[in-house]
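Each reported figure results from applying straightforward, stated rules to the coordinates on display, with no laboratory input. Just so you know, these numbers come straight off a predicted model, no measurement behind them. Here Cβ is always computed from backbone atoms with ideal geometry, including for glycine, and neighbour counts include all displayed protein chains.
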Amino acid sequence: MNVKLVQSIKQMILALPPEEQNWLKAQLVQKSYHSPAQVVDLNSFSGIIQIRQDPLEFQHQIRNEWT
């Protein structure tokens with residue numbers, strides 16, 4: 001994560017009144033108890049694709065599908 005972004009978020013949190021800081025901290029702790037970190041094995045997605053066109057052209061084509 002971008003260091004400047006983390007610093008700006010930290011500054012915004014520290015600018016909150018103490019009761020709002022405590023509420024935010026409680027929300028974060030509560031969420032961490034309810035949603036355990038999931039470990040996903042990404043090896044099943046690894047591999048090589050075979051394409052018959054220029055890779056950059058293929059990338060542009062795929063990205064244009066997103067919009």
Among (i) 22, 64, 15, 0; (ii) 25, 61, 14, 1; (iii) 14, 20, 24, 22, 17, 4, the entry that matches P(r) over Cα pairs in 10 Å bins from 0, in percent as calculated here: (iii)
Helix 3-15: inclination vs the chain longest Cα principal axis, degrees, rounded to 10, gives 30
Using a Förster distance of 30 Å, how high is the FRET efficiency between Gln30 and Asn2, based on the Cβ-Cβ distance and rounded to 0.05? 0.70
Once phi for every residue in segment 50-64 is put through the Karplus expression 6.51 cos²θ - 1.76 cosθ + 1.60 (θ = phi - 60°), the whole-Hz ³J(HN,Hα) values, with Gly and Pro written as x, are 10, 10, 9, 10, 4, x, 5, 5, 4, 4, 4, 4, 5, 5, 5
Residue separation between Asn64 and Phe45 times 0.36 nm, minus their alpha-carbon distance, gives in nm 4.6 nm
With n ≥ 4 as the cut-off for DSSP H runs, can you work out [θ] at 222 nm for the chain, using -39500 (n - 2.57) per run divided by the number of residues, rounded to the nearest 500? -20000 deg cm²/dmol
Nearest 10 degrees, 0 to 90: helix 18-34 Cα axis against the chain principal axis: 50
